[in-house]
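Let me begin by presenting the structure, written as structure tokens, before commenting on it.
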Protein chains: 6
Amino acid sequence: MSTRFNSRQADQLRPVSLEPGYAKHAEGSCLVRFGDTHVLCTASVEDRVPPWLRGQGKGWVTAEYGMLPRATHTRGDREAAKGKQSGRTQEIQRLIGRALRAAIDLKVLGERVIKIDCDVIQADGGTRTASVTGAYVALYQAVEWLMNKGDLKENPIRTEVAAISCGLVKGEALLDLDYAEDSGADADANFVLTGAGAIVEIQGTAEEAPFTAEQFANLFALAQNGITRLVTYQRQALGLY
Amino acid sequence: MSTRFNSRQADQLRPVSLEPGYAKHAEGSCLVRFGDTHVLCTASVEDRVPPWLRGQGKGWVTAEYGMLPRATHTRGDREAAKGKQSGRTQEIQRLIGRALRAAIDLKVLGERVIKIDCDVIQADGGTRTASVTGAYVALYQAVEWLMNKGDLKENPIRTEVAAISCGLVKGEALLDLDYAEDSGADADANFVLTGAGAIVEIQGTAEEAPFTAEQFANLFALAQNGITRLVTYQRQALGLY
Amino acid sequence: MSTRFNSRQADQLRPVSLEPGYAKHAEGSCLVRFGDTHVLCTASVEDRVPPWLRGQGKGWVTAEYGMLPRATHTRGDREAAKGKQSGRTQEIQRLIGRALRAAIDLKVLGERVIKIDCDVIQADGGTRTASVTGAYVALYQAVEWLMNKGDLKENPIRTEVAAISCGLVKGEALLDLDYAEDSGADADANFVLTGAGAIVEIQGTAEEAPFTAEQFANLFALAQNGITRLVTYQRQALGLY
Amino acid sequence: MSTRFNSRQADQLRPVSLEPGYAKHAEGSCLVRFGDTHVLCTASVEDRVPPWLRGQGKGWVTAEYGMLPRATHTRGDREAAKGKQSGRTQEIQRLIGRALRAAIDLKVLGERVIKIDCDVIQADGGTRTASVTGAYVALYQAVEWLMNKGDLKENPIRTEVAAISCGLVKGEALLDLDYAEDSGADADANFVLTGAGAIVEIQGTAEEAPFTAEQFANLFALAQNGITRLVTYQRQALGLY
Amino acid sequence: MSTRFNSRQADQLRPVSLEPGYAKHAEGSCLVRFGDTHVLCTASVEDRVPPWLRGQGKGWVTAEYGMLPRATHTRGDREAAKGKQSGRTQEIQRLIGRALRAAIDLKVLGERVIKIDCDVIQADGGTRTASVTGAYVALYQAVEWLMNKGDLKENPIRTEVAAISCGLVKGEALLDLDYAEDSGADADANFVLTGAGAIVEIQGTAEEAPFTAEQFANLFALAQNGITRLVTYQRQALGLY
Amino acid sequence: MSTRFNSRQADQLRPVSLEPGYAKHAEGSCLVRFGDTHVLCTASVEDRVPPWLRGQGKGWVTAEYGMLPRATHTRGDREAAKGKQSGRTQEIQRLIGRALRAAIDLKVLGERVIKIDCDVIQADGGTRTASVTGAYVALYQAVEWLMNKGDLKENPIRTEVAAISCGLVKGEALLDLDYAEDSGADADANFVLTGAGAIVEIQGTAEEAPFTAEQFANLFALAQNGITRLVTYQRQALGLY
């Protein structure tokens, strides 16, 4: 059995911290930390919808993702300077957007857009799962802000969502991979689940060798367990206990 | 139980055709049809690797994806005219590349690149899964071309790969969704599996409502069955029976 | 006298095929083949005009052109990935648009736009002339579609247009150059003519050495003859005989 | 018969001026004026060729074209601010480059590049023909500069080139259209000819109505006459008489 | 004491010429020359404001800056071809815009935009200060044009503005640096002042070594003197004496 | 006399904090806070120089600047998504680079590049001055890292640099403007000075009305005083007392 950093168990999360209200100006925000991975999530409310949605009585939730150039071990190019977002960036921000739209009833939200920004301040693996988990908290705060203002009568949030990665490292299924583990994994998977354990999104990829249905089931079981804990942390952070 | 177009059964593929050697100039090619979804896949061999891979004795397989503007019901903007590829396009071409790299031993391939182009001539759902399935045939032909020239002594292909979509439509698990089914699905998933049924990539997304682990297992079972048939078609098209 | 591929005569077209209705979704379409040059032309009708044309009671016809990366002997970069269309691409699509606007009365068309997409599936010289010739067929079908729907009372098409290339190869004037002939030509010219033989557009370029007015007249004569046959094929393909 | 501005005859050029050496820093330059159309042409010599030409003992001549935003009646967008060159700009700069390459023996030029910049200071029709005519003078000066330095032993220039537009305006063939005439023309054509009257490039376009071969011949005759005079002006400007 | 080109004194401007009305089409224009630095400034009037200014009863003045590729000793890349404006270009055009907005009362101007284009035809140091100085003349002409048309009742111009550079070269404070002086300066500063000597903008930069407050005061004194003369030239050019 | 937020005096800085080593991966870093303005500065060392500097035995220091989309009161567009950096961003990052190059002897640094990234986490006025002040600390740390590794024998840093803004608000000269003060200022100026009080860069701009030399002198005096305190804080943060 492999030994993880800080004697972490195979089914153990890294230290998680969720700090709501971190950003002074945003309607909702959360600084989320999964170990050394730190992501600032903000939620911005706009009182109009894009043209393709006008007049349907529905809102929208969308996300953008970015990484500070030196969030990583070696400096990465600044996407604004290169003039385009990488395929990886676009893939992640699309995932975050889909995950949050699964948490909310867009009809109840009404004709407004909530834009989520997830910016990675420091990266050590799992930036997309930390982003989803923190973004839910920022989204929840923005909805509270709308309700406190009286702009919303009914809370449009239908379920919590959180996300975690799992991977096969030297044959062993591990929860919440850090960067070193992720780099050496034979396969990894990201799970976005609801508070009730239902599936919102699954992305599993064999990096080195195809894996079996049984191995996948083990990863899934680990993830369900981890998500249960993350959802508890989200509730605590939002003062819902 | 819903009735599918042309009385198709829930576990039935659309008519599949794989036409290798469709493109006159490419080292490998395949026109793949899943019903009304038609994709031209070509494989181009280049005898040098990108800078980040030089001197490692390894090759690379990469993919690009595109759609003709009027492949779809209503005309889409031409990405070359807009000046950038959409997030969806980048997501799909990254998936195709990963899928094919799982099929091949890059060390045996040696210091060369095989570029796969998947261009959708007509779209009716499942363009990414048709692309992976046809691209494997084009890749196989390009490898044969290298072996016939004597540039490769050993065949680097380790396994077949094929891909298929499944989805939950009105509660029922269906194989190989067409566009109309996909638009109305509660959830859908794309599976890339090897000829032996091992998992290369899984992407599952709840469009309308989160789904259960059991529902996901049903989709997986459908996919395994479909992939077995697709791999048989690939072998037939390549004259391997 | 040079010997052409397949014993073709100097004034002989390559085998031409025009396959209308090739694309399932488009209002008009045609797969055109000039020998090994294959272009898919589609016509898309939009019921509004760009801002600069609003309120003038006139329509517009415009064209876009593209080439699949491996349509050619060696793979070309994908323009969507590079983020811009080449000067050559823009020059060709502007030519196609002008040619088709010469065929139609924009006032009779009314306030709508017909967008023509010409995508080269396989290239062996003459892609722009094949594009114009096939695009006319797609345009005609789209107009028929509008008339069948009752959206147009009067047919706005005023004349057929077709296009062909000619060139001086080792001093000899040849019709409809393939790629090998075009690469070795001293000069070449593209002619867009009406069914009645009037000039819509002429582009003549000395590649290797300036040419005389007499040589140009010879190319023109060849082109007139070739266009007459192309227009006949267009009529046949559209069932107008 | 139409009356032209300033009582100009149908076969008369606007006042032409060629001012060589206008730019202090360039190896060759010419401010060319065709009436109110003013273009600054510069030639810049670079002592290396692009990668695709290395080791072939040949040089290259290429051109770029631009227009100051307020060269025209109403201000046009600045292409640098928009982030791309229009199709029209690219078409024109490709034409200028081809025209000048027809004037020079690239083998004798040797492994160096001459870059021609044509920037329109003021526009009143015929900017592309003025550009070609002035660019030849700038090119000639740059070649002289190379010969004076001793970097070239043999003069690589093989022929003069100049260009002029003609058009059909209310049925009459006119030489050297200004902007107002060009806007109202039924058809127009640009001719690039050598000093000896041979054809380098012909571009003829029906703007309003297809035109006949006889009409085209009339335009050609006008152009030949005009080019003879332009070449004389080029020689005078270069002190070759 | 260093000897300047043409025995120029430390506090002496290069020969200055301001040629109003240089551009035929623009509402206002000025070709400004500071020695071998030549800039064409045009002013274009648009009768509507950008969306963010609508309904406020105010106008706007904005500027764009460009340099012909061979304005400089060695050819620079064309920004339109590169697809973006450099940081330097943007910095300069923002400076010109701010300088001119300080000269005009935007409320009196009313809901219209005056766009200033400053295009460097030839560069020998001080292009931004020549641009500001010439742009004021073009702006003034455009305002006169509006008043002559009766579109403005009151002249919105509140003050003249002009600009000049100064620098420390080998310890000596010099006015109006040319390119050679600027390249060797220890520090330089650009001053935009009003006709009355008030400060609109100051930009001082230590190129080689930080400089003292006293040195800065010397540069400022030189600039005040130079600006007084420039404003006189502006008045002469506009016929205001 | 105006009353500042929190009873701040005219010549008083906001609470300043400098937190070196904030970023886990970078060779140098500092989280700088000027009141509610928070900027993360990192320094990344690269052991090669750009092509234009090769073989000169000199290094380079350069900077990039960015702002998280919701650092501000209302969300700004993400520059990476828009595909280009604004003029303001480029102006600021050029300023930061110049300021730091004034602090260091590039010959002693040797053939390596230090890239400074300044990313605004939260904005409340003065982001460019906070960036310069924090970037110096990050740069210093990176130099220490090089010396501790033995890659540098001599410390290349020649002087401290720090920056502060001043402005005229309702006629009063104020130090270190926050966003509300900056928005209402008649004029403002940014000063980059050395620890010894010498001038590295001055940028002064009249927003509403031109200002006098005396007013400018008052701003300068305030700045000198503020910089003295900032340099003390830098030394404390770096443990140099």
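The values are calculated or read from the model by the stated rules, or taken from the named source; none is laboratory data. As the structure is a computational prediction, the values presented were derived from the model and not from experiment. Every residue, glycine among them, receives a Cβ derived from its backbone with ideal geometry; neighbour counts consider all protein chains shown.
Tally up the residues in the range E:46-63 that are surrounded by fewer than 24 Cβ atoms within 10 Å (Cβ to Cβ) and closer than 23 Å to E:Thr129 by Cα, please.
2
Mind listing just one residue for me: the one in the range E:155-169 that is under 17 Å from E:Leu230 (Cβ atoms) and of a type in the set (Val, Ile, Thr) and, of those, surrounded by the most Cβ atoms within 10 Å (Cβ to Cβ)?
Per the stated criteria, the residue is E:Val161.
Would you be able to say whether some residue in the range A:220-237 is within 26 Å of A:Thr72 (Cβ to Cβ) and at the interface with chain B (Cβ under 9 Å from one of its Cβ atoms)?
no
Quick test of your reading of the structure: D:Val49 fulfils all but one of (1) more than 22 Å from the chain's Cα centre (by Cα); (2) β-branched (Val, Ile, Thr); (3) modelled with pLDDT of 95 or more. Name the failing condition by number.
Of (1) more than 22 Å from the chain's Cα centre (by Cα); (2) β-branched (Val, Ile, Thr); (3) modelled with pLDDT of 95 or more, only one is false for D:Val49: (3).
Quick check on E:Thr89: is it over 20 Å from E:Ile199 (Cα atoms), part of a helix (DSSP H, G or I) and among the hydroxyl-bearing types (Ser, Thr, Tyr)?
yes
Consider B:Gly171 carefully, then state whether it is of a type outside the set (Lys, Arg), under 19 Å from B:Ser17 (Cα atoms), in contact with an Asp or Glu (Cβ under 9 Å, 6 or more places away or on another chain) and more than 10 Å from every other protein chain (Cβ to nearest Cβ).
The answer is no for B:Gly171.
Among (1) crowded, with 24+ Cβ neighbours inside 10 Å; (2) closer than 19 Å to E:Ala209 by Cα, there is one condition F:Asp105 misses while meeting the rest; what is its number?
(1)
Which of the residues that make up the range A:214-241 are in contact with a Gly (Cβ under 8 Å, 6 or more places away or on another chain) and free of Cβ contacts under 8 Å to residues at least 60 places away in the same chain?
A:Phe216, A:Leu219, A:Gln224, A:Thr228
Of all residues in the range D:82-137 being within 14 Å of chain C (Cβ to nearest Cβ) and among the basic types (Lys, Arg), which is nearest to D:Val61 (Cα to Cα)?
Among residues in the range D:82-137 that are within 14 Å of chain C (Cβ to nearest Cβ) and among the basic types (Lys, Arg), the one nearest to D:Val61 (Cα to Cα) is D:Arg101.
Listed here are the residues, each with its yes/no results for (1) touching a residue at least 12 places away in the same chain (Cβ under 8 Å); (2) assigned to a loop (DSSP other than H, G, I, E, B); (3) farther than 25 Å from F:Thr232 by Cβ; (4) not small (Gly, Ala, Ser).
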position	(1), (2), (3), (4)
F:Glu111	yes, yes, yes, yes
F:Arg128	yes, no, no, yes
F:Val137	yes, no, no, yes
F:Asn155	yes, yes, no, yes
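When you scan the range B:186-217, how many residues do you find that are under 14 Å from B:Gly171 (Cβ atoms) and either at pLDDT 95 or above or assigned to a strand (DSSP E or B) (or both)?
Counting residues in the range B:186-217 that are under 14 Å from B:Gly171 (Cβ atoms) and either at pLDDT 95 or above or assigned to a strand (DSSP E or B) (or both) gives 4.
Could you list all residues from the range B:174-205 that are small (Gly, Ala, Ser), more than 11 Å from every other protein chain (Cβ to nearest Cβ) and within 15 Å of the chain's Cα centre (by Cα)?
If the condition is that a residue be small (Gly, Ala, Ser), more than 11 Å from every other protein chain (Cβ to nearest Cβ) and within 15 Å of the chain's Cα centre (by Cα), then no residue fits.
Could you check the range C:1-73 for strands (runs of 3 or more DSSP E) lying wholly inside it with 2 or more residues that are within 10 Å of chain B (Cβ to nearest Cβ) and in contact (Cβ under 8 Å) with a residue 24 or more places away in the chain?
Per the criteria, C:28-34, C:37-46, C:60-67.
Of (1) over 22 Å from D:Arg70 (Cβ atoms); (2) at the interface with another protein chain (Cβ under 7 Å from one of its Cβ atoms), E:Glu79 satisfies all except one. Which?
(1)
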